[in-house]
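Heads up, the thing below is written out as structure tokens.
The values are calculated or read from the model by the stated rules, or taken from the named source; none is laboratory data. Fair warning: this is a prediction, and the values are worked out from it, not measured in the lab. Counting neighbours? That spans all protein chains shown, and the Cβs are built from the backbone with ideal geometry, glycine included. Ligands, DNA and RNA are excluded from the accessible area calculation, which covers all protein heavy atoms including side chains. Shrake-Rupley method; radii C 1.70, N 1.55, O 1.52, S 1.80 Å.
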Amino acid sequence: MSTAFDLTGRTALITGGGRGLGAGITRAMLDAGADVIVYGRRDLPQDLVDYASERSRRLDFYSVDIGDSDALASVSATVLAEHQVDILVNNAGTQERHPAVEFPLESFDRVMDVNLRSVFQLCQIFGAPMLKRGHGSIVNLASLLSFQGGLTVPAYAASKGAVAQLTKALCNEWSGKGVNVNAVAPGYMATEMNTALLADPVRLEQLSVRIPAGRWGEPEDIGNVVVFLASPASAYIHGQVLAVDGGWLAR
Ligand SMILES: NC(=O)c1ccc[n+]([C@@H]2O[C@H](COP(=O)([O-])OP(=O)(O)OC[C@H]3O[C@@H](n4cnc5c(N)ncnc54)[C@H](OP(=O)(O)O)[C@@H]3O)[C@@H](O)[C@H]2O)c1
């Protein structure tokens, strides 16, 4: 039986969909009935490939560094020729930690290219045919650092603040043309991105006691929220940055 959360027949492109939160989003999309295309640098893990085939869903992988805009344009031209992308999830992101005065400018540029420029470029590339069809959903991965400044992560905070604003800017242009643009702002999630935080017992304790839900988030906490924002159930939700943070921002 079809429900408002059903994505059968849709194709979702998920950047970084092979690992971390992205893998949780890929699994939730496959469960909801969508076929999935993943962009990433490392090959897909076998368990994800098996997950798709057990559900008779299509899972395609394209190797690309999304911080390289020429490579991103070239791979995306191939994808556009071979697939109709109904859902775009800009999930891939990167992180660099240095005190602000020592933060290398090349690192700043790299974080901005991966976390922000690629998001805008992919919204342009895949948003254009969505607008032409009058139908589509875009979900960007924002962060608590879309709202807060963080510590020793100035490039990341700047990029994620901009992702939130870009989400609203595109909403204003595209919501009346059938394309939903929203963002999810995860709280503290136990993924590779937070290896340094998870390995620092003092910082880990400081962060953990402040989470009202009493635990760090997992990829499964994000996947179904992204499915919701990509599904007919959220047809009247536009330009939101939805915190999925165990209550962190409420505190
Ligand atoms: N973890 C958190 O606590 C947290 C909190 C708030 C927001 N977020 C956001 O949520 C998203 C996912 O985070 P995560 O925790 O899952 O991170 P992660 O575990 O570090 O995974 C990052 C993913 O992005 C891909 N990626 C990174 N750089 C890439 C590049 N240049 N080109 C192509 N793919 C690239 C990686 O794939 P490859 O290595 O294969 O390229 C990987 O699949 C990010 O946007 C992050 O900023 C995370």
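Which condition number in (1) in contact (Cβ under 8 Å) with a residue 12 or more places away in the chain; (2) within 16 Å of residue 119 (Cβ to Cβ); (3) touching a Ser or Thr at 6+ places or on another chain (Cβ under 9 Å); (4) surrounded by fewer than 19 Cβ atoms within 10 Å (Cβ to Cβ) is the one that residue 168 fails?
Evaluating residue 168 over (1) in contact (Cβ under 8 Å) with a residue 12 or more places away in the chain; (2) within 16 Å of residue 119 (Cβ to Cβ); (3) touching a Ser or Thr at 6+ places or on another chain (Cβ under 9 Å); (4) surrounded by fewer than 19 Cβ atoms within 10 Å (Cβ to Cβ) leaves (3) as the failure.
Of the residues that make up segment 12-30, is at least one of a type in the set (D, E, K, R) and over 16 Å from the mean Cα position of the chain (by Cα)?
From segment 12-30, those of a type in the set (D, E, K, R) are 19, 27; that's our starting set.
Add one more test, that the residue is over 16 Å from the mean Cα position of the chain (by Cα), and what stays is none.
No; the residues of segment 12-30 include none that is of a type in the set (D, E, K, R) and over 16 Å from the mean Cα position of the chain (by Cα).
Among the residues of segment 141-161, write down those that are open to solvent by 30 Å² or more (accessible area, probe 1.4 Å) and among the aliphatic types (A, V, I, L, M).
The initial filter retains those residues of segment 141-161 that are open to solvent by 30 Å² or more (accessible area, probe 1.4 Å), namely 147-152, 154, 158.
Across segment 141-161, the qualifying residues are 151, 158.
Spot the failing condition for residue 63; the list is (1) more than 9 Å from the ligand (Cβ to nearest atom); (2) free of Cβ contacts under 8 Å to residues at least 40 places away in the same chain; (3) more than 16 Å from residue 126 (Cα to Cα); (4) not β-branched (Val, Ile, Thr), and only one is missed.
(1)
Can you find, within segment 27-42, the residue that is least open to solvent (accessible area, probe 1.4 Å) among those that are within 14 Å of the ligand (Cβ to nearest atom) and over 13 Å from residue 16 (Cβ atoms)?
Here is the first cut: in segment 27-42, the residues within 14 Å of the ligand (Cβ to nearest atom) are 27-28, 36-42.
Then drop every residue that is not over 13 Å from residue 16 (Cβ atoms), which leaves 27-28.
Details: 27: 61, 28: 9 Å².
The residue in question is 28.
With 116, 105 as the choices, which residue is away from the ligand (no atom under 12 Å from the Cβ) and within 24 Å of residue 193 (Cβ to Cβ)?
On the way: 116 fails: away from the ligand (no atom under 12 Å from the Cβ).
Result: 105 is the single residue among 116, 105 that is away from the ligand (no atom under 12 Å from the Cβ) and within 24 Å of residue 193 (Cβ to Cβ).
Looking only at residues in segment 239-251 that are open to solvent by less than 50 Å² (accessible area, probe 1.4 Å) and out of contact with any Pro (no Cβ under 9 Å at 6 or more places or on another chain), which one is farthest from residue 147 (Cα to Cα)? Step through it out loud before you land on a result.
Our first condition is that a residue be open to solvent by less than 50 Å² (accessible area, probe 1.4 Å); within segment 239-251, this holds for 239, 241, 243-248.
Those still in the list that are out of contact with any Pro (no Cβ under 9 Å at 6 or more places or on another chain) too: 239, 241.
Values: 239: 15, 241: 10 Å.
Result: 239.
Would you pick out the residues in segment 166-191 that are of a type outside the set (Val, Ile, Thr) and under 15 Å from the mean Cα position of the chain (by Cα)?
Of segment 166-191, the ones of a type outside the set (Val, Ile, Thr) are 166, 168-178, 180, 182-183, 185-190.
Selection gives 166, 180, 182, 183, 185, 186, 187, 188, 189.
Looking at segment 22-38, is at least one residue in contact with a His (Cβ under 9 Å, 6 or more places away or on another chain) and at pLDDT 95 or above?
Looking for residues that are in contact with a His (Cβ under 9 Å, 6 or more places away or on another chain) and at pLDDT 95 or above, one finds at least one in segment 22-38, hence yes.
Does residue 51 satisfy the criteria of being open to solvent by 30 Å² or more (accessible area, probe 1.4 Å) and of a type outside the set (A, V, I, L, M, F, W, C)?
Values: open to solvent by 30 Å² or more (accessible area, probe 1.4 Å): yes; of a type outside the set (A, V, I, L, M, F, W, C): yes.
Yes: the conditions hold for residue 51.
Which of the numbered conditions does residue 203 fail, given that it passes all the others? Conditions: (1) within 12 Å of the ligand (Cβ to nearest atom); (2) modelled with pLDDT under 95.
If we test residue 203 against (1) within 12 Å of the ligand (Cβ to nearest atom); (2) modelled with pLDDT under 95, just (1) comes out false.
Can you name every residue in segment 121-140 that is open to solvent by 10 Å² or more (accessible area, probe 1.4 Å) and within 14 Å of the ligand (Cβ to nearest atom)?
121
Of everything in segment 95-119, what is touching a helix residue (DSSP H, G or I) at 6+ places or on another chain (Cβ under 7 Å), within 26 Å of residue 223 (Cα to Cα), free of Cβ contacts under 8 Å to residues at least 60 places away in the same chain and not aliphatic (A, V, I, L, M)? Give them in sequence order.
If the condition is that a residue be touching a helix residue (DSSP H, G or I) at 6+ places or on another chain (Cβ under 7 Å), within 26 Å of residue 223 (Cα to Cα), free of Cβ contacts under 8 Å to residues at least 60 places away in the same chain and not aliphatic (A, V, I, L, M), then 115, 117 are the ones that fit.
Looking for something more than 25 Å from residue 95 (Cα to Cα) and open to solvent by 10 Å² or more (accessible area, probe 1.4 Å) - is there at least one such residue anywhere in segment 187-210? Before you say what the answer is, go through the steps one by one.
Taking segment 187-210 as the starting set, the residues that turn out to be more than 25 Å from residue 95 (Cα to Cα) are none.
No; the residues of segment 187-210 include none that is more than 25 Å from residue 95 (Cα to Cα) and open to solvent by 10 Å² or more (accessible area, probe 1.4 Å).
Only one of these conditions is not met by residue 2: (1) crowded, with 23+ Cβ neighbours inside 10 Å; (2) within 19 Å of residue 135 (Cα to Cα); (3) not hydrophobic (A, V, I, L, M, F, W, C). Which number is it?
(1)
Hey, among the residues in segment 211-227 that are part of a helix (DSSP H, G or I) and either free of Cβ contacts under 8 Å to residues at least 40 places away in the same chain or more than 10 Å from the ligand (Cβ to nearest atom) (or both), which one's surrounded by the most Cβ atoms within 10 Å (Cβ to Cβ)? Even if it seems obvious, please write down each step before you answer.
Taking segment 211-227 and keeping what is part of a helix (DSSP H, G or I), we get 219-227.
Within this subset, residues satisfying the condition of being either free of Cβ contacts under 8 Å to residues at least 40 places away in the same chain or more than 10 Å from the ligand (Cβ to nearest atom) (or both) are 220-221, 223-227.
Working: 220: 13, 221: 19, 223: 22, 224: 19, 225: 19, 226: 29, 227: 27.
By that ranking, first place goes to 226.
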